[in-house]
Each structure stands twice: as structure tokens, then as C-alpha cells.
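Rule-based calculations on the coordinates, nothing more; no lab input. These numbers come from a predicted model, not from an experiment. A quick note on method: Cβ atoms are made from the backbone with ideal geometry, for glycine too, and the neighbour counts reach across all protein chains shown.
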Amino acid sequence: MTNTLADIPGRLDDLLGFSAPCRCGRVHGVDMRGVSIRRGALEDVVRFTREVGSSLRLVVVADRVTYEVAGERVLKLLLKDGHSARVCRVPDGAGGRPHADEAGLQTVEAALDGADLAVAVGSGTINDLTKLASYNRNIPYLVVATAPSMNGYTSAIAAVMQAGIKRTVDCHQPYAAIADLEILQKAPRELVTAGLGDLESKPTSTADFRLGGRIRGDYYCPAPEAVVLEAEARVADAAEGLRRRDSEALALLTEALMLSGISMKLAGSSSPASGGEHLISHFWDMSARDENRVEGWHGAQVGVATIVTATLYEFLQELNPADIDVDALVAAHSPVERMETAIRARHGPRAEAVLGEFSKKHPTAEQLGKELTGIRDGWEELWADVGQTLRPSARIRKILSGAGAAVTMGELGLEAEHLRRAFPAAREIRNRYTVLDFAADLGVLESRADYLLQASGCFS
């Protein structure tokens, strides 16, 4: 294995089919073979399908809205090219839109029986369902984007609600991803700004990726980072153009989101693009049904949660390492057994599954002592590394608000109490070390919660 970092290209086209060994011990690779982001890109579905094969048995997967937006045209193009094709319409659920859950997955899997290729026409939910269902059926799939709303188009994971828990499940990348700018320009405003919200989490999620590597020894490699961070910076500078539906700004956003998805494939996990801010959003999704409300737009929630985690990072950076009392923090440490009552109260019917996830990462008192000693003694070095990717919370707020994206709980249709509940509880839902765990281990996540949440400005 090489003793140097893999030299990963920064251009989307150059990443197609890319593979290189890395000193981290892994081979970073991209399985996708095609991507098209341009006006009129819908026509490219014919070209990419021909690369897969001829006279294929196809299933076009869409929902009620996306079939009208692009699905019917995709179907006609493929039938005209000599393929046999049928449609799988994923039914609407709560809120008049489909959801990525076990019922939806069963619907799509059943529709793919006997198919050679699946074609997803939609955004987050349709893509995730088709991606996982086609993986389970062992057939390739293409995705036709209908909104620049999230980074999952090009990832090798699917986010699906299973047994009440929002989980990311390993699967495969699409053969190709198609984004027609004429279609994206007509996407609902809230989906465009959701894409920006998802993208703006990358500075904090990357910091969490580094944090987990330094403190817990979790897998970390710096090679995939630059793939998305440079593209994200270009979008941040052009974000106000999204409010005007500027074609160039939409193209930049779509490219950056696709690069973000590819960075997860390169890393072999969602960690570079999904940190504490995503856990907060997932907590809101998981508790939606309990409260008789509909899940919000993923990226919009992530954007607001990113302002919160960026504020938390700023607070932690200002702590004096000399004030970290390792003995006192270890003495106050609670094993999972002592936390069980509180966790069950916070997570209700999902508590058993949450406990299973949380217990995998919760340290023993001895482990915590070693970690805290390392944090205290290596404070300056830690922040010299982790702090490199961070962006001030005020700048994140300005980028989001400039594009018309949500920056407060009210703009998400949620109450301040939703944030108060999620702040201590979100870290418990997944076996992933983030800034929320870092703050909890330092004894400030709950003790300074009111101050931090007010300081974030996300209440109003």
C-alpha cells in the first residue's frame, strides 16, 4: 500500500471511475460512470441507458409530482429508444409527499422484480428508495434530479427510517446522475434552499470527522475533504444568486452537492458530510410522528442545526484547557445503565434502538479519563487541526439568509422547545462521535445549553 495520500481530482468529470490507494490503508474509489449538469440534460438519460445495455426492462420510479415534472418525459424517451418500461409511483404519505421508510422501500423493491435497470426521477426520498431497492435487487440505477435539495444523489448510502430510527444504510452509487438546469430552475424555493442548508454543514461535519479521528481514533483520512470544501466555498460566494434562480448559481450548488455525495463514497462513510448537525435534524424527523407533524425538509433543518453546532464550536474554542478538571469530570461520568431512564424519557418508543447505538460509543470512566487528558494536554494542536475547516456561525447565517434559506426554528415550522430537546438527545441516536459528544464529555453540553442555544440566534 502506498505511503502517500491519494491524489484525488477536484473536478466532477475526473472523479468518474476514479480509484487510487492511499496511506490511510484504503483504496478511495468512485463507481459512477456518468454525470450531466446542463440545460437539456434530460436527453442524456438515453445515452447513459444505452451504456448499460439495449432492449432493457426498465422501471421509472417517481412520485405524483416528479412524474409530472420529468418522469413522463423520461418514460417516453426510454420507450422511444427501444426499451420496455413501466412506472412505479411511490404513494404520498403524511404531508402529501412520500417518505423514505420501510413501506416505501417494499413498494419500490416489488416494482423492480424482473427489471434490468431502475431510473429514479426525484430528489431525496425517491433517490434513497430507488438506490436501496436497486441495490437489494442487484441491478444498476440512474437518477434524474428534480431539485438541488441534498447531496445523496451521488453517495453510496441511503437514509431510511427503520423501526422508528433514521439510519444510513450502505448500498451503491448510481451508474449516472442527470441534472437538467431547466428543471432545477423550476424547483420549489424551499427545495433549493434546503440544498444550500445541507451543503453549508460541510465545514462543521468535516470538523466532526477530524474530531472523531483525533479523540476516538475513528477512521479519518484528509484525502476526500478537498473534493467538496472548495466547491462549497464557491457556492457560499454565489449563494445570493439562488434567490434569483440564477442558472450559474444553481449549477454550482448542484455540482457541489454531487461532489459532497462522492466525498462520502471516497471516505467509505457519511462522516465527512454528516456530523452533529445531521443528528439534530434526524432527531426532529424521528420524533415527528409522535407529535403528529410531518418531517421537515432535511437540508433546511440541517442548515439551522449547523448554525447551532458552529456556535457550539466557537464556545468550545474559547475554553481554557487549564480549567478541564479531568478527575471531576470522570467522577461525574455516568455509565449507560445510569443514563437509561433519561434516554428512555427522551426517545420513547425508539429508546431500545437508541440505547443499542449509544452504548457502542459511550466511554467507560477509564476511557473518558484518557480522552480528557489527551484533550487537555493537546488543546492547541487539536484546534489547529479541527479549526481549519470551521466557518463562523454569523457567516453561515448570512450565507443562508442571503439565499432565502431558513435560519430560525420558526422558519422551519418548529418551536424553540424542539431545539432544546434535540440538543442533548441527538448525539444518542447514532454511534458517531461529533462535537455534541465532545461538549458532553467536557461537561458543557447540558449545563450551558440555554446560553448556547440563545447565542445561536436560532430561536428567533
Exercise for the section: Helix by helix through the chain, keep the DSSP H runs that span 24 Å or more along the axis on Cα and average at least -1.0 on Kyte-Doolittle, and give those back in order. Expected result: 247-267, 298-317
Problem - Approximate spin-label separation Ala332-Arg89, in nm, with each point projected 7 Å along Cα-to-Cβ - result: 5.7 nm
Exercise for the section: Could you run the Debye sum over the Cα atoms of the chain, one equal point scatterer each and no solvent, and tell me log10 of I(q)/I(0) at q = 0.06, 0.09, 0.12 Å⁻¹, two decimals? Expected result: -0.25, -0.57, -1.01
Practice task
With only Lys, Arg, Asp and Glu charged, each at its Cβ (+1 for the first two, -1 for the last two), find how big the charge dipole of region 177-311 is about the Cα centre; round to the nearest 20 debye.
Solution key: 160 debye
Completion exercise
With R₀ set to 30 angstrom, the calculated FRET efficiency between the beta-carbons of Arg11 and Arg244, to the nearest 0.05, is 0.70
Practice task
Please report, in Å, the Rg and the Dmax of region 31-187, where both are computed over Cα atoms only.
Solution key: 14.0, 42
Exercise for the section: Just add up the charged neighbours of Leu312: K/R +1, D/E -1, any other residue whose Cβ is under 15 Å from the Cβ of Leu312. Expected result: -3
Completion exercise
Among region 75-104, those whose backbone N falls under 19 Å of a label point 7 Å along Cα→Cβ from Arg289 are 90-104
Exercise for the section: Would you calculate the separation in nanometres between label points at Arg421 and Glu43, each defined as 7 Å from the Cα along the Cα-to-beta-carbon direction? Expected result: 5.2 nm
Fill in the blank from the handout: Note to self: C-alpha centroids of region 303-366 and region 55-121 sit apart, in Å, by 42 Å
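Work out the FRET efficiency for Glu340 and Lys398 from their Cβ-Cβ distance, taking R0 = 45 Å, and round it to the nearest 0.05. All intermediate terms of the calculation are to be shown ahead of the outcome.
Working: r = 42 Å, r/R0 = 0.93.
That gives a FRET efficiency of 0.60.
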Problem - Residue among Leu78, Ile157, Leu117 farthest towards the positive dipole end of the chain, charges placed on Cβ - result: Leu78
Problem - Electrostatic dipole magnitude of the chain [Cβ: Lys, Arg +1; Asp, Glu -1; Cα centre; debye, to 20] - result: 1080 debye
Problem - Sites Ser55 and Asn136, calculated FRET efficiency, Cβ-Cβ separation with R0 30 Å, nearest 0.05 - result: 0.80
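Ranking request for peptides 421-428, 327-334, 49-56: highest mean number of other beta-carbon atoms within 10 Å first, then the rest in descending order.
421-428, 49-56, 327-334
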Exercise for the section: Can you tell me the order of 243-252, 404-413, 171-180 when each peptide is scored by its average per-residue count of other Cβ atoms within 10 angstrom, highest first? Expected result: 171-180, 404-413, 243-252
Handout entry: Shape call, region 415-460: gyration tensor on alpha carbons, a/c limit 1.5
Key = oblate
Fill in the blank from the handout: Distance in nm between Lys186 and Val27 label points, each 7 Å along Cα→Cβ, equals 4.3 nm
Exercise for the section: Would you please put 24-31, 255-262, 285-292 in order of how densely packed they are, using the mean number of other Cβ atoms within 10 angstrom per residue and starting with the highest? Expected result: 255-262, 24-31, 285-292
Handout entry: Value of [θ]222 nm, deg cm²/dmol, for the chain, DSSP H segments ≥ 4, -39500 (n - 2.57) each, nearest 500
Key = -15500 deg cm²/dmol
